[in-house]
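Below is one structure, written out as structure tokens, with a few remarks after it.
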Amino acid sequence: MEKFVAVERAREIMLGEVHRLPAEKVAITDALGRVVMEDVLVDRDIPPLDNSAMDGYGIKALDSIAATVEQPLKLKVVATIPAGRHFAGEIRSGEAVRIMTGAPIPAGVDAVVKRELVEEHEDHVFLSGPVAAGNDIRYAGEDVRAGEKVIAAGQVITPAMVGMMASVGYPFVAVVQRPRIAVITTGDEIVDFHERPGTGKIRNSNSFSLAALVRHSGGIPLVFSTVRDDPSLLKRVVEEAAATADLVLTTGGVSMGDYDFVKNVLNDVAGGILFWKVKMKPGRPLVFGTVNGVPLVGLPGNPVSVMISFEQFVRPMVKKMSGYPAAGWLLPRLRAVAGEDLPGAGRRRHFLRGILRRETVDGDYEVFMTGPQGSGILRSMVLGNCLIVLAEQTEVVKKGEPVDVELLDYDLAAAFYLGTGVD
Ligand code: AMP
Ligand code: MG
């Protein structure tokens, strides 16, 4: 068992214990944010036919060469073509068709002039200037061509890709399964939110923040009821969880206390502890091991620590299991300017909750602490939109100096995940 390991080492050990899950077919409406496991090929040209880009008139461009405001070109309107209808006739010189956006271009027409640019009088139309051949025509196959690959296996599905799959006739698509993540809360002092907390009791918040984090990272939370600080009971629940989940999370019971039993349980099962304690603040007390081949992350109990440890370690595991490219495992980072003095945490990496903002469009990103930074102050996570990351051995980062931040804005973070290729 390794002890008091660096953040990168902890992550390396944990990522070594998880693998991409198998694929499943889902409706494309359920595919958003998932990793596609097949190439998506185009079944037919899109658009299928040359068609009008505007509501207007289809003409022969050559007819319009000499048209001016003083001497407008007069054309006879011989048909009206709505979208979805095909006009079988052919247009001759001196004629026009009234055509709607998306309607197929009939034979003889080589340009469309939009309605706003012409005068209409009964069954005639008047043009006051020349129109170039090809004007406002969308050509067959200009979006995508039959047989072309539009989405490659390994890509993360975006809203545009969902639309594209519908466009090319894919109602279902193979994506990587969502990992099933067990969430087990421990502690004699924990009560459910529908109970009135007695003396010395607190409501369970970790199960809820963890379940939400699991969902945010693309997993399916399996939330177990709270387990009392009783090693044999805890062992039973952990083994039950390991039998159904791809990954087991516990919270609490991993410190030095007399009632911290998660380590004992790991020591007691097939697999055991791989490391205990990480050089970070908050989140030092974390234990990692396997239970009958299923990885178990013993997360700290403090409401802030549990969330930060999730972001640093569990999120990458969930992403890896979900098939994300390695570039999408970690929270995206950017460099900001410290808006105030930021204290280091000695030998440990310090994750402060920060508020990142940009006063002007061309200005720098500035970052401030959310206020008190205790590991029990959940409000700091509510207020923060980023983690400020101070390297080990940093004494202080002075106001005005550069500092790294990790973004907690989940939609923004998703924009960084659009990698290709399966890791
Ligand atoms: P422990 O590591 O079990 O001693 O827990 C550390 C701190 O986190 C204690 O103050 C616990 O009361 C608190 N804590 C543990 N589990 C939860 C939970 N599910 N919800 C809120 N606070 C918790
Ligand atoms: Mg406890």
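Identify, please: which residue in region 141-195 is without any contact (Cβ under 8 Å) to a residue 40 or more places away in the chain and within 16 Å of ligand 1 (Cβ to nearest atom) and is, among those, least open to solvent (accessible area, probe 1.4 Å)?
Looking at the filtered set, the residue picked out is 191.
Just for region 374-397: of the residues that are over 14 Å from residue 349 (Cβ atoms), open to solvent by less than 50 Å² (accessible area, probe 1.4 Å) and not small (Gly, Ala, Ser), which one is nearest to the chain's Cα centre (by Cα)?
Taking the candidates together, the pick is 386.
Find the residue count for region 365-409, including only residues that are of a type in the set (Asp, Glu) and more than 28 Å from residue 216 (Cβ to Cβ). It would help to see each step written out before you state the result.
Residues of region 365-409 of a type in the set (Asp, Glu): 366, 392, 395, 401, 404, 406, 409.
When the remaining residues are screened for being more than 28 Å from residue 216 (Cβ to Cβ), the result is 395, 401.
Final tally of qualifying residues: 2.
In region 202-244, which residues are part of a strand (DSSP E or B), within 16 Å of ligand 2 (Cβ to nearest atom) and touching a residue at least 40 places away in the same chain (Cβ under 8 Å)? I'd like the intermediate steps shown before the answer.
The first filter runs over region 202-244 and keeps only residues part of a strand (DSSP E or B), leaving 202-203, 220-223, 227.
If we keep only those that are within 16 Å of ligand 2 (Cβ to nearest atom) too, we end up with 202-203, 227.
Once the filter is applied, which keeps residues that are part of a strand (DSSP E or B), within 16 Å of ligand 2 (Cβ to nearest atom) and touching a residue at least 40 places away in the same chain (Cβ under 8 Å), region 202-244 yields only 227.
Please count how many residues of region 340-358 are touching a residue at least 60 places away in the same chain (Cβ under 8 Å) and aliphatic (A, V, I, L, M).
2
When region 251-280 is examined, which residues are found to be of a type in the set (Phe, Trp, Tyr), open to solvent by less than 60 Å² (accessible area, probe 1.4 Å) and within 16 Å of ligand 1 (Cβ to nearest atom)? Spell out how you get there, then give the answer.
So the first thing to find is which residues in region 251-280 are of a type in the set (Phe, Trp, Tyr), and the list is 259, 261, 275-276.
Among the residues that remain, those that are also open to solvent by less than 60 Å² (accessible area, probe 1.4 Å) are: 261, 275-276.
Listed by number, the residues that qualify are 261, 276.
Go through (1) buried (at least 18 other Cβ atoms within 10 Å of the Cβ); (2) in a helix (DSSP H, G or I) for residue 131 and report which single condition fails.
Every listed condition holds for residue 131 apart from (2).
The values are calculated or read from the model by the stated rules, or taken from the named source; none is laboratory data. It should be emphasised that the depicted structure is a prediction, and the values quoted were computed from it without experimental measurement. As a convention, Cβ positions derive from the backbone with ideal geometry for all residues, glycine included, and neighbour counts pool all protein chains shown. Please note that ligands, DNA and RNA were not included when accessible areas were found on the heavy atoms of the full protein model with its side chains. Shrake-Rupley method; radii C 1.70, N 1.55, O 1.52, S 1.80 Å.
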